[in-house]
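The values are calculated or read from the model by the stated rules, or taken from the named source; none is laboratory data. These numbers were taken from a predicted model, which means no experiment stands behind them. Cβ coordinates were reconstructed from backbone atoms using ideal geometry, including for glycine residues, and neighbour counts include every protein chain displayed.
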């Protein structure tokens with residue numbers, strides 16, 4: 001069975017960029033943010049986070065909520081334009 005290519009739309013691209021920008025603003029390495037997300041109960045490796053930030057992996061709603069909690073921002077902050085996205 002053929003696999004469909006990964007399609008990430010503009011909202012997904014904006015979210016990926018917002019995660020990367022907020023992580024940098026908080027002075028966190030990918031490994032540190034992934035560890036925070038994991039500590040919150042959503043297992044995430046730094047490779048998974050890297051792929052989300054590069055829009056090579058979809059950020060599902062559970063990832064989004066956990067990332068927002070780890071970054072101490074409301075989930076909506078990762079969806080809205082404004083963080084250079």
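A few comments on the model shown:
- All positions within the range 40-60 that are part of a helix (DSSP H, G or I), more than 10 Å from the chain's Cα centre (by Cα) and without any contact (Cβ under 8 Å) to a residue 12 or more places away in the chain: 47
- Being crowded, with 16+ Cβ neighbours inside 10 Å and either under 13 Å from residue 20 (Cβ atoms) or modelled with pLDDT of 95 or more (or both) holds for only one residue in 40, 78, and it is 78.
- Residues satisfying the stated conditions in the range 9-37, i.e. at pLDDT 95 or above and assigned to a loop (DSSP other than H, G, I, E, B): 26, 27, 28, 29
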